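Below: one structure, written as structure tokens.
Derivation of every value follows stated rules applied to the coordinates shown; laboratory data play no part. No experiment lies behind these values; they were computed from the predicted model shown. In this analysis, Cβ positions are derived from the backbone assuming ideal geometry, glycine residues included, and neighbour counts consider all displayed protein chains.
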Amino acid sequence: MTDMTSTAAGMTAAATPRLKSWSWTELLFVAPYLLLYVVFLVYPLGLGFIMSFQYFDLFAGQAEFIGLENYQQLFSDRIFQGAVVNTFKFVIFTVPTFVALGLLIALALNRQTWWAATLRTLFFASNVLSVTIVTLIWRAVYLPQKGLLQNFLDVFGIQNIALLQDPNWALQAIAVTTIWWGIGLPMVLFLAALQQIPGEIYEAAELDNASPWQTLWHITIPSIWRTVVLVTIIQIIAQFQVFGQINLMTAGGPNNSTRSMVQFVYEAGFRQWTAGFASAAAQVLFVIMIVAAGLQFWVSRRKQEF
Amino acid sequence: MKLTTFVALGALALGLAVPTMAQAQTEVRFARFFGACEADFGTNTDPGTPSNECGVITTLTNIFNAENPDVRVVPEIVEWGPYYEQLAGRIASGDVPDISVMHGDMLINFVKRDMITPLDEAFTEAGIDVEDIAPGPRENVTIDSQIYALPQDFVTWLWHTNSGTMAEAGLGEVGAPVYPTSIEEMMEHARQFKQATGLPYLALTLDSNAMSRTLYTMLMQANYNLFPESTNQIDLHSPGAKEAFEALKQMKDEGLLVLIPDWASAFTGFSNGEYGNLIGGTWQIGDMVRLSEQTGGALEGYVAHVFPAINGEPAVWSSSHSWVMLKGGAATPEKREAALRFLRFLFENNIHWARAGHLPMRTSLMSDPAFTEMPYRIGFAEIPPIAEHLPKDVPQQRIIQPFIGEELLAALQDQKSTDEAFAAAEERVNTYLSRLR
Amino acid sequence: MASKTIARPMSEQILVASVVILAIAWMVPLVWIVGLSFKNSLELVVDPNAVFRFPYTLENYADLMVTSNLGVWLRNTLIVTVTQTVLVVAISCLAGYGFARIDFPGRNLVFILVLMGLAIPQHAVIVPLHKMFNDWQMHNTFQALILPGLAGPFGVFLMTAYFRAIPLEIEEAAKLDNASRFRIFWEITLPLAVPAMATLAIFTFLHSWNDYLWPLISATRPEMYTLTVGLAATQTNIDQSEGLGYLMAQAVFAGLPMLILYIFFQKYVVRAVAGAAIR
């Protein structure tokens, strides 16, 4: 599946031999999609770019060209700066954990026993739940005084824990929720990669009396290095766009400690009725995403090197 | 031939069906928050049973539908969090409810965009006596001498008091606690209370709105003008602003004021008798009463008292719920008539709304025993003249209110200095307001 | 399986033990909320530890049947999800075949332009999308909920790659019979692409079922809410005085169908999600 669907394969369109010359009616194959693509992706992208130079009232439909004012305000806005910082922090909290924990679980569960299969099912199960259900569960876990976490900490005599109300811990608490929700994906990707490693390599290592630690560092990880990079990039792209958990668990608070960039766009555009300003923020998000996607493309084209 | 016959038949069928259905029942789409509670009140038509906003409004809707078989009021219930963005979204996309609830302070944003129908004529038509609407709420919904909404209540800020523990500390009797009349006296009471019971005197929830409303109330008592220059420039740096807040901060530092992470914990703690007073709002009274009945002992002598005048003259932050007819809604004469009939019904049954804890808005009800004898409330009759709100022309008050509260709560928890918090709050509010047109 | 061949030293046992403990920690929140869902909400306000004790009650689930709009939301979600899945698969197959087999001028350029769309996150175009549907007066319709989800290039990308991997000779024979291009596609090539279609369908289904931001701003009438948005709306009340048990019953009720589906089809679900991630 990896090879078949890799971006590299997608780029070699020119190599496909011709079946016969094309006719206009055959454009109907691609026309429906291209129409949707232009109307619902390309056009809004351009429109958003234009809106970012306007004062735009989404609800009154009123627009006025104001040049670079939105961008000037945006870059001097402390809340936006905070949102950028928070987003990067969130990526730093989650992505390495996804990679390390995903690999750990995959290593432990890479065997054909009934319990390993059960645990694989369990770790992946939370993945299919929607963000609203996940946050319902975790808000109940973090509830002050009566949450699961507080109940657990009561055993150790630790009182009055309110993570989501504490600016030093709220973002980490949301990160934990996110990892609980999404660990299944890195796990299965690592499992797939581990199963590609030929058994002979391990046998050789065993003959050399390599310690498990050495085997991990010198055999396993180099063999699946490409997957490690891939998981990292997939998670970077996903976590940069974090929104649902934050909107539902803290709405950006306390003391602005959890407001992410998408949350900022949402609030500015829809809560605060400043859609032009929100569009400017969305352009910044877009640029960051382009860089991340470029990175992914670059990595997948150079897969032989990994 | 066949197709035309089919189309003709279809058109005939539609033409017949639509008017007969319309004659049978006119639908009034009623957009509101207050939650859904069909499980408890879905079929209830006894206005005496419910004790919270949701129960009362559901019951009133049921009664109206039962009494008016030709009209059907269909509630469209949205949570209060995203209520206004969703309502604005609906207007923008041309899908407008016939009657909608709106906070008084939100009105200006919709009126400025020409989204609300003035109701002066409609009130005359429906037989709603405008003179009976209390001056405060009426003034709040009047813009350019036109009335844009039917107010429903006074929503105000108050103290929930456990008069049992207050009495233990020598602060009044059970059911008749004594409240301070100055900040110094509040400190004395609080220390006396703490000494006698070991409990904090006051509890404030870590809810940015709760913080802002408390600050607003204290500043209103000191006659502080938050918008001295224009309605899009707040002043939080003049003398008097920080002093009020620093009193709370000092109480917190001395352990006289406790911060509670959320409302659920605050309710639990209060009903377990863990603090003397909890700062809260009128909408919580009904639930508080239910809790105190359930818990028995710990919450003996529950009392709701208007926010004490600790910082000068009696004054209290207030808001109001009101009913509006958005432009584009109630488009047919039948719908308009039915919607007005429902408004009149809500006006006539205003007293029942007070069961949830708010004050009715009809002057004629203020001295009505049905209101004055409602239990647990102290000093509510004095509220109407002292209820204040931010200047009604200040746009997006629901957006800026949490800005202020968030910053100040950070200071109250020592995450920022008081000066930083006030400066940040002022900057956030003014940058935002300057961005609006 | 490769790792079977190596011995299981001490460190291996520690690894397994810690993952088992982790798995228990993973499961506890689920068990906890199921417990809460069987408790009276008011009892939970007064005593937070009531969940560990009798009595348990079914009243939250009974209330759910009477009050909540879950039925309507579930129906909306199903309509949106199923339609979106069917359309995405159909359109992607057509376009994928087009890009793989029809050599129209500028094809490679167009294909690259489409691929670049993979880098546009929907979150970055949400404001202008909202404006467009405003202008068309189309919010609060199924079209509004469905259409923007059809524009993502992932399906086209997946199908193009898959069709390219199918040998051309298979179609050559049919071409001699003078069959139309669409018939060749429909009768010969498409059946070979069923595995890729299944991957795409499952992935689209999951994605669409769990979509949050777009329905949040487009579906503003409660009767047009999807399950995700409806549940999001009710949970703004979680820290209000009551309703914890009721909210958890909602979560259980809404989460269960997906969990059951997942357990039945897990092999395919895992393959689809992993395949989509690798693309």
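On the principal axes of its Cα set, how long, how wide and how thick is the protein assembly as shown? Give whole Å, largest value first.
Sorted largest first, the three principal extents are 95, 86, 57 Å.
Sort C:His139, B:His237 so that the residue with the fewest other Cβ atoms within 10 Å of its own Cβ comes first and the one with the most comes last.
B:His237, C:His139
What's the exposure ranking of B:Thr268, A:Thr113, going from fewest to most Cβ atoms within 10 Å?
Ranked by crowding around the Cβ, least crowded first: A:Thr113, B:Thr268.
In whole Hz, with x marking every Gly and Pro, tabulate ³J(HN,Hα) for the range C:38-44 from phi via Karplus 6.51 cos²θ - 1.76 cosθ + 1.60, θ = phi - 60°.
Values per residue, Gly and Pro as x: 9, 10, 5, 5, 5, 4, 5 Hz.
When a/c reaches 1.5 or more, the comparison of a/b and b/c decides; with that in mind, is chain A rounded, prolate or oblate per its Cα gyration tensor?
oblate
How big is the equivalent ellipsoid of the range B:30-86 along its three axes, where each semi-axis is √(5λ) from the Cα gyration tensor, reported in whole Å from largest to smallest?
Those come to 20, 15, 7 Å.
Residue farthest toward the positive end of the dipole of chain A, with Cβ of Lys/Arg at +1 and Asp/Glu at -1: which of A:Ala60, A:Phe88, A:Ile237?
A:Ala60
Summarise the partner chain shielding of C:49-58 as one whole number: the mean count of Cβ atoms from other chains within 10 Å of each residue's Cβ.
Mean partner-chain Cβ count within 10 Å for C:49-58: 1.
Return a whole-number percent for the relative contact order of chain A, with Cα pairs under 8 Å and 6 or more residues apart as the contact set.
Normalised by residue count, the contact order of chain A is 28 percent.
For peptide A:141-152, compute the average count of partner chain beta-carbon atoms within 10 Å of each residue's beta-carbon.
Averaged over the peptide's residues, the number is 6.
May I ask for the equivalent-ellipsoid semi-axes of the range B:71-229, computed as the square root of five times each C-alpha gyration tensor eigenvalue and listed largest first in whole Å?
The three semi-axes for the range B:71-229 are 41, 18, 18 Å.
Between helix B:241-253 and chain B, what is the angle of the helix's C-alpha long axis to the longest principal axis, kept within 0 to 90° and rounded to the nearest 10?
Its long axis makes an angle of about 70 degrees.
Taking each full run of DSSP H in chain C as one helix, which ones are at least 24 Å long along their axis (Cα atoms) and have mean Kyte-Doolittle hydropathy of at least 1.6?
Helices passing the filter in chain C: C:10-37, C:244-264.
Can you tell me how the range B:257-392 classifies by the Cα gyration tensor, rounded, prolate or oblate, using a/c under 1.5 as the rounded cut?
prolate
Return the subset of B:Lys194/B:Lys252; B:Lys194/B:Lys416; B:Lys242/B:Lys416; B:Lys252/B:Lys416 for which the Cα-Cα distance in this structure is over 22 Å, preserving the input order.
Checking Cα-Cα distances, B:Lys194/B:Lys416 exceed 22 Å.
Can you bin chain B into rounded, prolate or oblate? Criterion: square roots of the alpha carbon gyration tensor eigenvalues sorted a ≥ b ≥ c, rounded for a/c under 1.5, prolate for a/b above b/c, oblate for the rest.
prolate
With +1 on the Cβ of every Lys and Arg and -1 on the Cβ of every Asp and Glu, and nothing else charged, how large is the dipole of the range B:311-366 about its Cα centre, in debye rounded to the nearest 20?
200
Highest mean first, how do A:267-275, B:367-375 rank when packing is the count of other Cβ atoms within 10 Å averaged over residues?
A:267-275, B:367-375
Go through the range A:73-150 and name the chymotrypsin sites (Phe, Trp or Tyr not before Pro) that are in a DSSP coil and have 13 or fewer other Cβ atoms within 10 Å of their Cβ.
none
Taking every residue in B:206-217, how many Cβ atoms of other protein chains lie within 10 Å of its Cβ, on average?
Partner Cβ neighbours, averaged per residue: 1.
Of B:Tyr148, B:Tyr216, B:Tyr179, which has the largest mean-square fluctuation in a 10 Å C-alpha GNM of chain B?
Result: B:Tyr179 has the largest fluctuation of those listed.
Would you please put A:157-163, A:177-183 in order of how densely packed they are, using the mean number of other Cβ atoms within 10 angstrom per residue and starting with the highest?
Ranked by mean Cβ neighbours within 10 Å, highest first: A:177-183, A:157-163.
Explain nothing, just the number: dipole magnitude of chain A about its Cα centre with +1 on each Lys and Arg Cβ and -1 on each Asp and Glu Cβ, in debye rounded to the nearest 20.
I would put it at about 240 debye.
Explain nothing, just the number: dipole magnitude of chain B about its Cα centre with +1 on each Lys and Arg Cβ and -1 on each Asp and Glu Cβ, in debye rounded to the nearest 20.
Using only the charged Cβ atoms, the result is roughly 1200 debye.
What are the semi-axes of the equivalent ellipsoid for the range C:69-237, taken as the square roots of 5 times the Cα gyration tensor eigenvalues, largest first, in whole Å?
Sorted largest first and rounded, they come to 36, 17, 13 Å.
Could you give the angle, 0 to 90 degrees to the nearest 10, between helix B:397-412's Cα long axis and the longest principal axis of the Cα atoms of chain B?
It is inclined by approximately 20 degrees.
May I ask you to sort B:Glu388, B:Glu85 by Cβ crowding, counting other Cβ atoms within 10 Å and putting the fewest first?
Lowest to highest Cβ neighbour count: B:Glu388, B:Glu85.
Which Cα, out of A:Ser260, B:Ser93, C:Met197, lies furthest along the positive dipole direction of the protein assembly as shown (beta carbon charges, K/R +1, D/E -1)?
C:Met197
Between B:Glu76 and residues 5 or more places away or on another chain, which pairs have amide H atoms under 5 Å apart, with H built 1.01 Å from N, and which residues are they?
B:Phe30, B:Ala31, B:Arg32
Using Cα springs under 10 Å in a Gaussian network model of chain B, which residue among B:Phe422, B:Phe227, B:Phe30 shows the largest mean-square fluctuation?
Judging by the Gaussian network model, the answer is B:Phe227.
Based only on Cα atoms, what mean projected area does the convex hull of the range B:380-428 have, in nm²?
4.8
Restricting everything to alpha-carbon atoms, can you work out Rg to Rh for the range B:44-136 with a Kirkwood hydrodynamic radius?
My calculation of the ratio gives 0.98.
Convert each backbone phi in the range A:50-55 into a coupling constant with the Karplus relation 6.51 cos²θ - 1.76 cosθ + 1.60 (shift: θ = phi - 60°), then list the ³J(HN,Hα) values in order as whole Hz, x for Gly and Pro.
Each residue's phi maps through the Karplus curve to give 5, 4, 5, 9, 10, 7 Hz.
Between 0 and 90 degrees, rounded to the nearest ten: what's the tilt of helix B:183-197 against the longest Cα principal axis of chain B?
Relative to chain B, helix B:183-197 is tipped by roughly 80 degrees.
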